[in-house]
1. Being within 30 Å of E5 (Cβ to Cβ) and more than 27 Å from the chain's Cα centre (by Cα) is the filter; apply it to the range 78-106 and report the residue that is most open to solvent (accessible area, probe 1.4 Å).
2. Condition first: touching a Gly at 6+ places or on another chain (Cβ under 9 Å), open to solvent by less than 40 Å² (accessible area, probe 1.4 Å), free of Cβ contacts under 8 Å to residues at least 60 places away in the same chain and closer than 30 Å to L240 by Cβ. Can you find one or more residues in the range 50-65 that meet it?
3. Against the condition surrounded by fewer than 19 Cβ atoms within 10 Å (Cβ to Cβ), touching a Phe, Trp or Tyr at 6+ places or on another chain (Cβ under 8 Å) and in a strand (DSSP E or B), how does A174 come out, does it pass?
4. Look through the range 134-155, keep the residues that are in contact (Cβ under 8 Å) with a residue 12 or more places away in the chain and among the β-branched types (V, I, T), and return whichever of them is farthest from I167 (Cα to Cα).
5. With the structure loaded, tell me whether G182 is in a loop (DSSP other than H, G, I, E, B) and in contact with a Phe, Trp or Tyr (Cβ under 7 Å, 6 or more places away or on another chain) or whether it fails that test.
6. Of F219, F253, which residue is under 16 Å from V269 (Cβ atoms), touching a helix residue (DSSP H, G or I) at 6+ places or on another chain (Cβ under 7 Å) and surrounded by 19 or more Cβ atoms within 10 Å (Cβ to Cβ)?
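The values are calculated or read from the model by the stated rules, or taken from the named source; none is laboratory data. Note that the structure is a prediction, hence the values are computed from the model and not measured. Every residue, glycine among them, receives a Cβ derived from its backbone with ideal geometry; neighbour counts consider all protein chains shown. Just so you know, the surface numbers come from the protein's heavy atoms only, side chains and all, with ligands and any DNA or RNA stripped out. Shrake-Rupley method; radii C 1.70, N 1.55, O 1.52, S 1.80 Å.
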Amino acid sequence: MSILEKVVWYVEWRRRETFDLEDVAQACGVSRFHLSRVFQSVAGRPVMAYVRARRLSEAARVLAEGAEDILNVALDAGYGSHEAFTRAFRELFGITPEALRAARSLENIQLVEPIDMDASLLTELKPPRIVERQAFEVAGLSERYSFETNHAIPDLWRRFVPHIGNIAGQIGAATYGVCSNGDAEGNFDYMAGVEVSGAVEAGDDLTRMTIPAQRYAVFTHDGHISDIRKTVYTIWNKWLPESEVSHVKGPDFEFYDANFNGETGSGEVEIWIPVR
């Protein structure tokens, strides 16, 4: 069962109960950040926003059938008051619960149904290498993004390119795209950087971070960088659930070396996922 399928099953099973993102992540066997990252890339919304939308959609069905007590519908949907329920309901559907009940119809609203895994995003993966890597230092430009704003990451790389080869203590010519510090709302730090010696300072305009010693599953994306979403999707929704390893909390990163052409966006990119 894929991560997406696990989320959908868990939400439908416990929709009338109280749970949070940590509960869902534990049930799926991944960190909160990586759950949010994978889920939103497919569903277009954070996990808990999807949970709220599913609860409100089922509440809408009950209201359209003429429910007598809106407060009871609100409580069943996880809201503690009529006001909070109405506010959330109007925000999602553009109509009040009272108006929907009076209309006795769902034709003019868009319900959020349980989502299905998009098979078109699955791709063939080469078996990963399992690598034990010692701790290392990366220095580069870092910004905080959400899944709505991550389209701006290429601009971060554009701004970083002039630094490559001009950073004191730089080791090699390879570059790293490091994801870390994700939160429950789908925000995360992304660094475009290079490996540096542990004995030098990064500089005022650059950020420095330590990638801890870790075991990794290392995948190769071969093709245009615009298709990397399919590789990432397949790793998290097919390979990882079916493998004998599990994801562990920590930074994951893309590794770009001479096999990748930054001018054309084509070539090989390695995706390093921390596992145990």
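1. So the residue we want is L106.
2. Yes: one or more hits.
3. Values: surrounded by fewer than 19 Cβ atoms within 10 Å (Cβ to Cβ): yes; touching a Phe, Trp or Tyr at 6+ places or on another chain (Cβ under 8 Å): yes; in a strand (DSSP E or B): yes.
In short, yes.
4. Among residues in the range 134-155 that are in contact (Cβ under 8 Å) with a residue 12 or more places away in the chain and among the β-branched types (V, I, T), the one farthest from I167 (Cα to Cα) is I153.
5. yes
6. On the way: F253 fails: touching a helix residue (DSSP H, G or I) at 6+ places or on another chain (Cβ under 7 Å).
Sole residue among the options that is under 16 Å from V269 (Cβ atoms), touching a helix residue (DSSP H, G or I) at 6+ places or on another chain (Cβ under 7 Å) and surrounded by 19 or more Cβ atoms within 10 Å (Cβ to Cβ): F219.
Yes/no per residue for (1) open to solvent by 50 Å² or more (accessible area, probe 1.4 Å); (2) farther than 16 Å from P251 by Cβ; (3) of a type in the set (K, R):
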| residue | (1), (2), (3) |
| --- | --- |
| S197 | no, yes, no |
| H224 | yes, yes, no |
| Y233 | no, yes, no |
| K238 | yes, yes, yes |
